[in-house]
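*Asks:* I'd like to ask you about the structure that follows.
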Amino acid sequence: MVATLAAGLMVYGQQGPSDPFHDQSDTGEIIHVLPGPAAVHSPHDTQPSFAPPQSGVSVFPASYGNGNLNYHGGNVMTGPQFYAIYWNSAVANSQATSQGYATVQSQIAAFIGTFFTGTSYTGSTVDDYSIVGQYGDSGGRSPVPTGGGLAGQLLDTKSAQATIKDSAIQSYISGLLQSGKLAADAHGVYGVYFPSGMRISLQGGSSCSSFCGYHSHFSYNGTSIKYAVFPYPDCSACKLSALTVADMLTIVSSHEIREAATDPGESNKNAWYDQSGYEADDKCAWHNLYQLNRTTGLNFWVQPEYSNGGNGYPGPGCVRP
């Protein structure tokens, strides 16, 4: 295997089909992408799969990567929260939803509020987010959220364009911060949701062919800004026939939010990934998908989170609460 060192991350394998979870931005930065369900094949299951409904915790073998996650000295996020940014009303007001929600924006808002309620792990009780509590850092920081999750929403009025590069997305977020439309928050993950037909371009390919989302970071006036990119998943490469667009977006959002929290890549030092360069949610991507089971009765689709196991946590493997 060939290893390259870029931005503090050791990535194994070649860019492209042999390493579908890594790409490079137009400025050469390593980007952690989520490839489409048809683009990756697991030794345990060659097709996307759904976890059977049941009570209690289930642990499934990791689909990708090699071994447990290892700590590499970088920071994790503390008290992470989410800012939802909609490029325009075409994506925000899309009615490709489920659970009775009128728009994608309303379903994402409800999902974030539900997803971020996972704030503790005790004994045999595990929820969808707090499994990341085992992935702290050397400074004593924990990536478990401490608040309600959705820190802000912004519906913009940008015109759709054919393609956009990662550097332009960073500039766009910077402009929102500079204008005061959003606050610069080191505890925030800024998720940008794009309309149908608008492609995001990286060096190895574009959205709806090579990937369905990704996360990265940049510095704004001394504040580390973590962000995630969400193309509109109505294309065959990023679509599962049984699910709506909003369902696909909650799956991709669950993946990118947890990885941004456990491996944000601040100061060119990465935190948690395995010996093959795979982050926590990469190891469980697209397999044993399940719905959140909350007392509210809301059942948003998400993917499992990888757990190293030990210290009271289930695993090792992909955990479905």
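*Asks:* Does GLU279 satisfy the criteria of being at pLDDT 95 or above and either open to solvent by 20 Å² or more (accessible area, probe 1.4 Å) or closer than 26 Å to THR114 by Cα (or both)?
*Replies:* So GLU279 fits the description; yes.
*Asks:* If I filter the range 244-269 down to residues being open to solvent by 10 Å² or more (accessible area, probe 1.4 Å) and part of a loop (DSSP other than H, G, I, E, B), which single residue comes out as modelled with the lowest pLDDT?
*Replies:* LYS269
*Asks:* Here is a follow-up. For residues in the range 92-128 being among the polar types (S, T, N, Q) and at pLDDT 95 or above, which is surrounded by the fewest Cβ atoms within 10 Å (Cβ to Cβ)? Walk me through how you get there before you give the answer.
*Replies:* The initial filter retains those residues of the range 92-128 that are among the polar types (S, T, N, Q), namely 93-95, 97-99, 103, 105-107, 114, 117, 119-120, 122, 124-125.
Those still in the list that are at pLDDT 95 or above too: 93-95, 103, 105-107.
Details: ASN93: 14, SER94: 23, GLN95: 11, THR103: 18, GLN105: 21, SER106: 16, GLN107: 25.
The selected residue is GLN95.
*Asks:* Go through HIS41, HIS32 for me and flag whichever is within 23 Å of ASN288 (Cβ to Cβ), assigned to a strand (DSSP E or B) and modelled with pLDDT under 95. Write out each step before concluding.
*Replies:* Working: HIS41 fails: assigned to a strand (DSSP E or B).
The conditions single out HIS32.
*Asks:* Right, next: It is to be established whether one or more residues within the range 222-233 are assigned to a loop (DSSP other than H, G, I, E, B), modelled with pLDDT of 95 or more and open to solvent by less than 10 Å² (accessible area, probe 1.4 Å).
*Replies:* yes
*Asks:* Spot the failing condition for CYS318; the list is (1) free of Cβ contacts under 8 Å to residues at least 40 places away in the same chain; (2) touching a helix residue (DSSP H, G or I) at 6+ places or on another chain (Cβ under 9 Å), and only one is missed.
*Replies:* With (1) free of Cβ contacts under 8 Å to residues at least 40 places away in the same chain; (2) touching a helix residue (DSSP H, G or I) at 6+ places or on another chain (Cβ under 9 Å) applied to CYS318, the lone miss is (1).
*Asks:* List the pairs whose first member sits in the range 102-115 and is closer than 13 Å to ILE257 by Cβ, whose second member is among the charged types (D, E, K, R), and whose Cβ atoms are under 6 Å apart, counting only residues at least 6 apart or on separate chains?
*Replies:* Here the result reads THR114/ARG294, each pair linking the range 102-115 to a residue that is among the charged types (D, E, K, R).
*Asks:* Sticking with this structure for a sec: Exactly one condition in (1) in a strand (DSSP E or B); (2) touching a helix residue (DSSP H, G or I) at 6+ places or on another chain (Cβ under 7 Å) is not met by SER206; state its number.
*Replies:* (2)
*Asks:* Continuing with this model, one more query. For the range 142-176, enumerate the residues that are open to solvent by 40 Å² or more (accessible area, probe 1.4 Å) and modelled with pLDDT under 90.
*Replies:* SER142, THR146, GLY147, GLY148
The values are calculated or read from the model by the stated rules, or taken from the named source; none is laboratory data. No experiment lies behind these values; they were computed from the predicted model shown. Heads up, the Cβs are rebuilt from the backbone with ideal geometry, glycines too, and the neighbour counts pull from every protein chain shown. Heads up: the accessible areas ignore ligands, DNA and RNA and are worked out on the full protein's heavy atoms, side chains in. Shrake-Rupley method; radii C 1.70, N 1.55, O 1.52, S 1.80 Å.
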